[in-house]
Every structure is written in structure tokens, then in C-alpha cells.
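Asker: To start, I am sharing the structure in question, which I have written as C-alpha cells.
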Amino acid sequence: METLQVKCQSCNRQLSSFFCQECRTVVPVPRGVDYFRYLGIPQRPLVDHDRLEATYLRLSQEYHPDRHPDLDAVQRAAILQRSALLNQAYACLKEPKQRVQYLVALLTQGERNPSRAIPPAVATLFRQVQTALSEVDGYLREAERPKSALEAAAFALGRTARDDHRNTLRRCHASIHAQQDEAVAQLVAIDALWDQPGEQSEEAFHRLAALADTLSYLDRLEGQVHDRRVKLQMVTLPLRPSASPAPFSPMDRA
């Protein structure tokens, strides 16, 4: 089990964080320290969430500036930087999508760009989403087009079309989330091969890289759907004119 091992440069004590409680010194973070090492978490596709949570809570307390009122301005700024980096690392590693993409970038030293090709696993979903987006874009263009009073009234009568588009995008969003969940579920099998020798380890990395591409593509689709949902929400339709009451007639008393 990996743990964070740091040596205090002031008193040479071995530490489990970047702050020495004994001599009240903020220890510099070495260049190249990644999120996994910063939290003392093994560098692999799956993480022990209980351990991650416990480590985060422990370090959050150690790096909290209110616990160190005795530090000077320089040391206080340094402890704030440690706290900010801790939050970034925790936010990345606790989320499977971010963790996968970060791990692939880390192992390839950032030299591998995500594939722009449509991953086979999402080809059907891509076609469904693009069809829905095209129809919504047509509706939005019509909504933005200047209209006469008669045209505006006719457009308002089609308010069910707006609701239909909203429901379609809601279903697209749900399908994207389901596909993301299916992709993340593959991490169990990939992680099982992670420490295996030779070809199995290489296979695990290639599967992880393909998974990162799939998740990245799904993120882009999700962003496009979210953008259209926001734009639809901003479409305002004039109220339908209410029917004018019939003029009063003495015959109504009969």
C-alpha cells in the first residue's frame, strides 16, 4: 500500500504530508508530484474511496490555515497553496471520468491527444443526439427570426413543439449518462489487469486509453445537449390571447 513519504528539510523528520507539525514548517512540493502521489494513492484506474476520503479529510485539517495562526505571511501563503492543490487532486481522483483522463495523460506525459473520431461504442447514440440537436437548432433559428404579429401568434400556438424538444433533449441527456455509467463500469476489468505482466498490462493501458476517448467524447456530447437545453429555456413565447367574454344580453337573465 502506497503512502505519502516526505522529509522535512528543517528537522529531517519523515512526514505523511507537506507540513511538519514538529517544527511548524511547510515542506516544498517536489516538481512532478502528481495527484496520486500527493494523496498517497496508488496510481491505477480504481481507487479505494474510503481511503481517499480519509486521506483528504486528514490533510484538509492539516492544511487548513485557521489551524496555523502562528505562521508568517510566506508560510501562510504556502499552506494555502497546499490546501488548493489538495482540493484539486481530490476533485480529480474521486470522479472516475476525470481520474481516467488524468491517468492516461499522466502515463503518456501529456503527449497523447484524445481521438476526435467517433468511438464505435457511442456511434448509435451520436446519430440520435445529432438528429435531436439539428431539429432543436432549426426551432431556435425560427424562434430568433423577426416575425410579424400574425407570425408571432402562430409560433406561440406551437408551444408544444418547444416542450417536445425539451423532452427529447432530456432523453438524450439520460442516454448519455447511461453510456457514461457503462463505460466507467469497465474500470473493474481494466484494473484487474493493471499489475499483470507483459501483454496483459499493455492491454489494460490500451483499453484505458480507449475508455478515456469514449468518456471525452461523451463529455462533448453532454455539453452540446446542455447548451441547447439552456437555449430552449430562454425561448419565451407570448401568452395566448384569452377569449373575450360575450357581451351581456338581457336574454341572459332568462
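The values are calculated or read from the model by the stated rules, or taken from the named source; none is laboratory data. Keep in mind that what you see is a predicted model, and the values were worked out from it rather than measured. Cβ coordinates were reconstructed from backbone atoms using ideal geometry, including for glycine residues, and neighbour counts include every protein chain displayed.
Asker: Within segment 83-97, is even one residue among the polar types (S, T, N, Q) and farther than 30 Å from H64 by Cβ? It would help to see each step written out before you state the result.
Answerer: Within segment 83-97, the first condition is being among the polar types (S, T, N, Q), and the residues that meet it are 83, 87-88.
Now drop any that are not farther than 30 Å from H64 by Cβ, which leaves none.
No, segment 83-97 has no match at all.
Asker: Consider R170 carefully, then state whether it is loosely packed, with under 13 Cβ neighbours inside 10 Å, among the basic types (K, R) and in contact with a Lys or Arg (Cβ under 9 Å, 6 or more places away or on another chain). Spell out how you get there, then give the answer.
Answerer: On the way: loosely packed, with under 13 Cβ neighbours inside 10 Å: yes; among the basic types (K, R): yes; in contact with a Lys or Arg (Cβ under 9 Å, 6 or more places away or on another chain): yes.
Spelling it out, R170 is indeed loosely packed, with under 13 Cβ neighbours inside 10 Å, among the basic types (K, R) and in contact with a Lys or Arg (Cβ under 9 Å, 6 or more places away or on another chain).
Asker: Would you mind finding the one in D195, D164, D191 that is surrounded by 12 or more Cβ atoms within 10 Å (Cβ to Cβ) and within 25 Å of Q101 (Cα to Cα)? Steps first, please.
Answerer: On the way: D195 fails: surrounded by 12 or more Cβ atoms within 10 Å (Cβ to Cβ); D164 fails: within 25 Å of Q101 (Cα to Cα).
None of the others qualify; the one that does is D191.
Asker: Just to be sure before I move on: is Q75 out of contact with any Lys or Arg (no Cβ under 9 Å at 6 or more places or on another chain), outside the structural domain of V184 (by TED's automatic domain parsing) and among the polar types (S, T, N, Q) in the structure I sent? Working first, answer last.
Answerer: Working: out of contact with any Lys or Arg (no Cβ under 9 Å at 6 or more places or on another chain): no; outside the structural domain of V184 (by TED's automatic domain parsing): yes; among the polar types (S, T, N, Q): yes.
Judged against the criteria, Q75 is not a match.
Asker: Using the structure shown, decide if V129 is touching a Pro at 6+ places or on another chain (Cβ under 8 Å) and part of a helix (DSSP H, G or I).
Answerer: Values: touching a Pro at 6+ places or on another chain (Cβ under 8 Å): no; part of a helix (DSSP H, G or I): yes.
For V129, the condition - touching a Pro at 6+ places or on another chain (Cβ under 8 Å) and part of a helix (DSSP H, G or I) - is not met.
Asker: Which one of these does V129 not meet: (1) within 18 Å of the chain's Cα centre (by Cα); (2) modelled with pLDDT of 95 or more; (3) not assigned by TED's automatic domain parsing to the domain that holds Q61?
Answerer: Of (1) within 18 Å of the chain's Cα centre (by Cα); (2) modelled with pLDDT of 95 or more; (3) not assigned by TED's automatic domain parsing to the domain that holds Q61, only one is false for V129: (1).
Asker: Would you mention how many residues in segment 228-254 are loosely packed, with under 13 Cβ neighbours inside 10 Å, modelled with pLDDT of 55 or more and outside any loop (DSSP other than H, G, I, E, B)?
Answerer: 2
Asker: Now, a different point. Is it true that A84 is free of Cβ contacts under 8 Å to residues at least 12 places away in the same chain and under 19 Å from Q180 (Cα atoms)? Break it down into steps so the answer makes sense when it comes.
Answerer: Values: free of Cβ contacts under 8 Å to residues at least 12 places away in the same chain: yes; under 19 Å from Q180 (Cα atoms): no.
In short, no.
Asker: A follow-up question, please. Is it the case that some residue within segment 59-76 is surrounded by 18 or more Cβ atoms within 10 Å (Cβ to Cβ) and of a type in the set (V, I, T)?
Answerer: No, segment 59-76 contains no residue that is surrounded by 18 or more Cβ atoms within 10 Å (Cβ to Cβ) and of a type in the set (V, I, T).
Asker: May I pose another question? On the basis of being acidic (D, E) and within 14 Å of F126 (Cβ to Cβ), does E222 make the cut? Explain how you work it out, then say what you get.
Answerer: Working: acidic (D, E): yes; within 14 Å of F126 (Cβ to Cβ): yes.
For E222, the condition - acidic (D, E) and within 14 Å of F126 (Cβ to Cβ) - is met.
Asker: Residues that are touching a Ser or Thr at 6+ places or on another chain (Cβ under 9 Å), at least 2 per element: which helices (runs of 4 or more DSSP H) completely within segment 1-103 meet that? Outline the logic, then answer.
Answerer: On the way: elements: 35-39, 49-63, 73-94.
It comes to 49-63, 73-94.
Asker: Do the conditions hold for Q101, that is, is it within 20 Å of P45 (Cβ to Cβ) and surrounded by fewer than 13 Cβ atoms within 10 Å (Cβ to Cβ)? Reasoning before the result, please.
Answerer: Numbers: within 20 Å of P45 (Cβ to Cβ): yes; surrounded by fewer than 13 Cβ atoms within 10 Å (Cβ to Cβ): no.
No: the conditions fail for Q101.
Asker: R99: without any contact (Cβ under 8 Å) to a residue 60 or more places away in the chain, touching a helix residue (DSSP H, G or I) at 6+ places or on another chain (Cβ under 6 Å) and at negative phi, yes or no? Before the answer, list the steps.
Answerer: Values: without any contact (Cβ under 8 Å) to a residue 60 or more places away in the chain: yes; touching a helix residue (DSSP H, G or I) at 6+ places or on another chain (Cβ under 6 Å): yes; at negative phi: yes.
Yes: the conditions hold for R99.
Asker: Of all the helices (runs of 4 or more DSSP H) wholly in segment 143-210, which have at least 2 residues that are more than 28 Å from A117 (Cβ to Cβ)?
Answerer: Values: elements: 149-157, 159-185, 187-193.
Per the criteria, 149-157, 159-185.
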